[in-house]
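Input: a single structure, listed below in structure tokens.
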Amino acid sequence: MLFFGHKFLQSPKFYHVFDIDSILTTPSSSILYVEFEEKNLDIITYMQENEISFALKVKNITEVAYAETLNASYIVVENSLAKTAQKIAENYLFDAKILTHIENDKEIEELVLLGIDGVIFPNAIVKITAQ
């Protein structure tokens, strides 16, 4: 299981970007975090064209499929969607890892038993805006 933002496990940060200009203010080799929305398609296209690793936050199964097709490295889902998303990822042999947001360690055991690829704690995400 992958852990991002756990208090005693080192991991890379995700940089939540809101426009292409804000990408330029992130450290090199960053993992960018974007919500799947039509208004963000220019950001997603930019990341694809520049081979930038990114996580795509999605809301439903259709968006899970889009995220894999868009070459997201990580697909971030709500806990309620995690089991289904993981099953789809395994069935279609996704390259992307399925992650879900959690608030505390008590949630880990259930997600491990479900076979979810990884978890993100809130402090793993840094919001970035263009300066």
What residue, of Asn79, Asn123, Asn91, Asn71, is of a type outside the set (D, E, K, R) and more than 18 Å from Phe14 (Cβ to Cβ)? Asn91
What residue, of Ser11, Ser30, Ser73, is under 20 Å from Lys127 (Cβ atoms) and in contact with a Ser or Thr (Cβ under 6 Å, 6 or more places away or on another chain)? Ser73
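Rundown of residues vs (1) part of a loop (DSSP other than H, G, I, E, B); (2) in contact (Cβ under 8 Å) with a residue 24 or more places away in the chain; (3) more than 22 Å from Gly5 (Cα to Cα), yes/no style:
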site: Met47; (1), (2), (3): no, yes, yes
site: Glu51; (1), (2), (3): yes, no, yes
site: Lys59; (1), (2), (3): yes, no, no
site: Tyr66; (1), (2), (3): no, yes, yes
site: Leu81; (1), (2), (3): no, no, no
site: Ala85; (1), (2), (3): no, yes, no
site: Ile88; (1), (2), (3): no, yes, yes
site: Phe94; (1), (2), (3): yes, yes, yes
site: Glu103; (1), (2), (3): yes, no, no
State which residue is modelled with the highest pLDDT when the search covers only region 1-45 and only residues that are among the aromatic types (Phe, Trp, Tyr) and either in a loop (DSSP other than H, G, I, E, B) or loosely packed, with under 14 Cβ neighbours inside 10 Å (or both). Phe36
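The values are calculated or read from the model by the stated rules, or taken from the named source; none is laboratory data. Please read all numbers here as calculations on a predicted model, not as lab measurements. Ideal geometry is used to build each Cβ from the backbone, glycine not excepted, and the neighbour counts take in all protein chains shown.
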